[in-house]
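What follows is a single structure, written as structure tokens, with notes after it.
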Amino acid sequence: MNLIEVKNLRKDYGETEGVPALNGVSFNISAGELVAIMGPSGSGKSTLLHILGFLDKASSGQYFFDGKSIEDYSEDELAKIRNSKIGFVFQAFNLLARNSVYENVKLPLLYSSVPEGEWDGRIRSSIEAVGLGHRIGHDPAQLSGGEKQRAAIARALVTEPDVIFADEPTGNLDSKNGEAVMKILTNLNMSLKHTIILVTHEESIAKFAGRLIYVKDGKIESDKKI
Amino acid sequence: MRTKFLFSTSLRGLGAHKSRSFLTILGIVIGITAIILVMSIGQGAQNLILSQIQGMGSKTIVVAPGRQPSGPSDFAQIFSDSLKKRDIDLLSLKENVPYAKHIIPVVFGGENSSYGDETYRMTVFGSDERVFDIFELFPEAGVLFSESEVKGHQPVVVIGSTVKDELFGDSEAVGERIRIKGKNFRIIGVLPKKGQVSFFNFDTMAVIPYTVAQEDIFGIKYYHRFLIEADQESHIDAAVDDIKIVLRNSHNITDPDKDDFFVETQADLASRIGTITDILTLLLVSIAAISLVVGGIGIMNIMLVAVTERTKEIGLRKSIGATNRDILRQFLLEAIVLTSVGGLVGIFLGALFSFIISVVLTKTLGLSWSYSFPVFAAVLGIAVSGIIGLVFGIYPARKASRKNPIEALRYE
């Protein structure tokens, strides 16, 4: 069954009227896939990721998540889905300063319906899953770039989402740390069957995916298994 | 977000900028401190004045000449000559005012007194022997004058402690003679220091028989006041009605609006004083409240800065599941916590300063100033500071909650 199904998505921004960021994008993603969306700068790949992650809405077209059109969801329901079914990993990590790794990973649980008694176990196992157990009490300022991104991945994992969206997850890392982060994501996909959709412009990163969707000028230029 | 985590999140947000948070709440602290201080001092002043009024006895009714002053131009009225001997005679008849126990005439005015080379400007208070009971005055030295000395026009005087100190210093005064308006008076008693009682300060007075005061000092045949003591507190209102009827008949007045006298009970006086001090307190509190508005604007300003600074955090929270309402509640609570902490600090400081002032007034001025913590003002202070947080925090909080998560995440 398709976890994600998009049909003829179009996105227009007011300031670039006539030149859509996305123009007739259609594809399906099944549960358990690791998909890389690639494309040059300004191609619309980040816009696509934001729409898929419920952070933005398409100007036209249809988007079905888990078989249900997102048009059927209210703003609060979309927030709930972002919390319970989606995990985000950002290029800039977006960890809260003055909050330890533990506190940062806990953040999504504050907005969740997960019973409080389960929180500690989930937080610790998420942090362990990214190999950051020895840094659990450290603040972001005390972590390396790779460790920061691993903390961000742990934060995305803590609510046990159906899908993880990663926007240039290695963009701020050197090649060694970038590769380590990709290995963690690959491992999550392989062993825990998490669906992972990542946006990148680096071919070396895209090669970790099982499927590559290439976007150019707001259109899908190619969609192939690797 | 669950409420307890909302609190911890808000406190963490404020704790990130401790000095800024402290400076932000100063306006609220100053405003609430000022309000508590003003209300506490107002209450203390009211208590002091009321206790002094009550020093005259709760059953005492005062009859004064002229209309009741309703403005500065009416004050000359109280020196009119409408209260005459005939009025005393009529009021003294049991069938006219059955609940009146005593009717005491009073005349008073400022006069110079001298002893040897010493002179002192004092208040000459002419009345009869019963006035000492009404004001609960007992001599520190010597005796008080009697009915026979009043009726016999005897030039005797009982002086207050300040008069004694000014004219005699540490020397004995009883038995000496002082001159008041060219006439010699024999000092028969000295009153102890008593301070203000009702509107009278007996420390600076010389109490003499009213018969002598009328003839030899002021040269008048009328009275400045009648002090009428009712037999019971529950009869005061009835006695007041009877007094008014008798005086209107005596003065041929048919329209109560044209009364040439006014009657006041201790309750009336207390109520009037209470109203005046309440209005003054309200005025001062209103001025102090301006600082609360200024403080509130400061809170709004800082919260707007905080929203801008934490734009990325807002974007992140929204991307991981925070609803607009969660963000609004978080920033609103931060503003309310800021102002409420300011309110609590203000209440503490206001209570502390007003206590210090009460101690200073008691120790240095000898006033029987009772410290009173204005509980109502404290409750109001907390409520007002919370409301200020709500009012001035809502705009920044709404601004935060409406941020587009993608734009917020991209914010640098």
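Tell me the residue from B:VAL360, B:VAL375, B:VAL294 that is in contact with a Gly (Cβ under 7 Å, 6 or more places away or on another chain), of a type in the set (A, V, I, L, M, F, W, C) and open to solvent by 60 Å² or more (accessible area, probe 1.4 Å), please.
B:VAL294
Any residue at all in the range B:303-315 that's buried (at least 23 other Cβ atoms within 10 Å of the Cβ), modelled with pLDDT of 90 or more, among the aliphatic types (A, V, I, L, M) and not in a helix (DSSP H, G or I)?
No - not one qualifying residue is present in the range B:303-315.
Among the residues of the range A:98-110, how many are within 22 Å of B:ARG410 (Cα to Cα) and within 8 Å of chain B (Cβ to nearest Cβ)?
The number of residues fulfilling the criteria is 4.
Collect the residues in the range A:64-76 that are more than 9 Å from chain B (Cβ to nearest Cβ) and either closer than 26 Å to B:ARG12 by Cβ or charged (D, E, K, R) (or both), keeping them in residue-number order.
Within the range A:64-76, A:ASP66, A:LYS68, A:GLU71, A:ASP72 qualify.
From the set of residues in the range B:4-28 that are of a type in the set (Val, Ile, Thr) and open to solvent by 10 Å² or more (accessible area, probe 1.4 Å), which is nearest to B:VAL379 (Cα to Cα)?
That would be B:ILE25.
When you go through A:ALA129, A:ALA58, A:ALA79 one by one, which is the residue that is within 11 Å of chain B (Cβ to nearest Cβ) and in contact (Cβ under 8 Å) with a residue 12 or more places away in the chain?
A:ALA79
Regarding the range A:126-141, can at least one residue be identified that is hydroxyl-bearing (Ser, Thr, Tyr), open to solvent by less than 70 Å² (accessible area, probe 1.4 Å), closer than 19 Å to A:ILE164 by Cβ and not in a loop (DSSP other than H, G, I, E, B)?
Yes, that holds for at least one residue.
Is it the case that some residue within the range B:85-96 is assigned to a strand (DSSP E or B), of a type in the set (A, V, I, L, M, F, W, C) and at pLDDT 90 or above?
no
Give the range B:84-112 a look and list any residue that's among the hydrophobic types (A, V, I, L, M, F, W, C) and farther than 23 Å from B:LYS181 by Cα, or say none.
Listed by number, the residues that qualify are B:ILE88, B:LEU90, B:LEU91, B:LEU93, B:VAL97, B:ALA100, B:ILE103, B:ILE104.
All but one of (1) open to solvent by less than 20 Å² (accessible area, probe 1.4 Å); (2) touching a helix residue (DSSP H, G or I) at 6+ places or on another chain (Cβ under 8 Å) hold for A:VAL35; state the number of the condition that does not hold.
Every listed condition holds for A:VAL35 apart from (2).
Out of curiosity, is A:ALA21 in contact with a strand residue (DSSP E or B) (Cβ under 7 Å, 6 or more places away or on another chain), open to solvent by 10 Å² or more (accessible area, probe 1.4 Å) and of a type outside the set (S, T, N, Q)?
The answer is yes for A:ALA21.
Taking B:GLY219, is it at positive phi, at pLDDT 90 or above and either aromatic (Phe, Trp, Tyr) or open to solvent by 10 Å² or more (accessible area, probe 1.4 Å) (or both)?
yes
So in the range B:316-344, with the set limited to residues that are crowded, with 23+ Cβ neighbours inside 10 Å and assigned to a loop (DSSP other than H, G, I, E, B), which one is nearest to the other protein chains (Cβ to nearest Cβ)?
Restricting to residues being crowded, with 23+ Cβ neighbours inside 10 Å and assigned to a loop (DSSP other than H, G, I, E, B), the top hit is B:GLY321.
Since A:GLN91 meets every condition but one in (1) within 20 Å of the chain's Cα centre (by Cα); (2) within 13 Å of chain B (Cβ to nearest Cβ); (3) open to solvent by less than 50 Å² (accessible area, probe 1.4 Å); (4) touching a residue at least 24 places away in the same chain (Cβ under 8 Å), which condition does it not meet?
(3)
I'd like to verify a number: residues in the range A:84-125 that are among the basic types (Lys, Arg) and assigned to a helix (DSSP H, G or I), how many?
Residues that pass the stated criteria total 3.
So B:ASN252 ticks every box in (1) part of a loop (DSSP other than H, G, I, E, B); (2) in contact with a Phe, Trp or Tyr (Cβ under 9 Å, 6 or more places away or on another chain) but one. Which box is left unticked?
Tallying (1) part of a loop (DSSP other than H, G, I, E, B); (2) in contact with a Phe, Trp or Tyr (Cβ under 9 Å, 6 or more places away or on another chain), B:ASN252 fails exactly one: (2).
How do the strands (runs of 3 or more DSSP E) wholly within the range B:133-199 filter down when requiring 2 or more residues that are surrounded by 15 or more Cβ atoms within 10 Å (Cβ to Cβ), out of contact with any Asp or Glu (no Cβ under 7 Å at 6 or more places or on another chain) and outside the structural domain of B:PHE108 (by TED's automatic domain parsing): which remain?
none
For the range B:306-315, which positions are facing chain A (nearest Cβ under 8 Å) and touching a residue at least 40 places away in the same chain (Cβ under 8 Å)?
Within the range B:306-315, B:LYS312, B:GLY315 meet the criteria.
Being part of a helix (DSSP H, G or I), surrounded by fewer than 18 Cβ atoms within 10 Å (Cβ to Cβ) and within 15 Å of the chain's Cα centre (by Cα) is the filter here, so list the residues in the range A:154-186 that pass it.
Within the range A:154-186, A:THR186 is the sole residue that qualifies.
The values are calculated or read from the model by the stated rules, or taken from the named source; none is laboratory data. Predicted model only: the values in this text are computed from it and were never measured. Here Cβ is always computed from backbone atoms with ideal geometry, including for glycine, and neighbour counts include all displayed protein chains. To get the accessible areas, we keep the full protein, side chains included, count just its heavy atoms, and leave off ligands, DNA and RNA. Shrake-Rupley method; radii C 1.70, N 1.55, O 1.52, S 1.80 Å.
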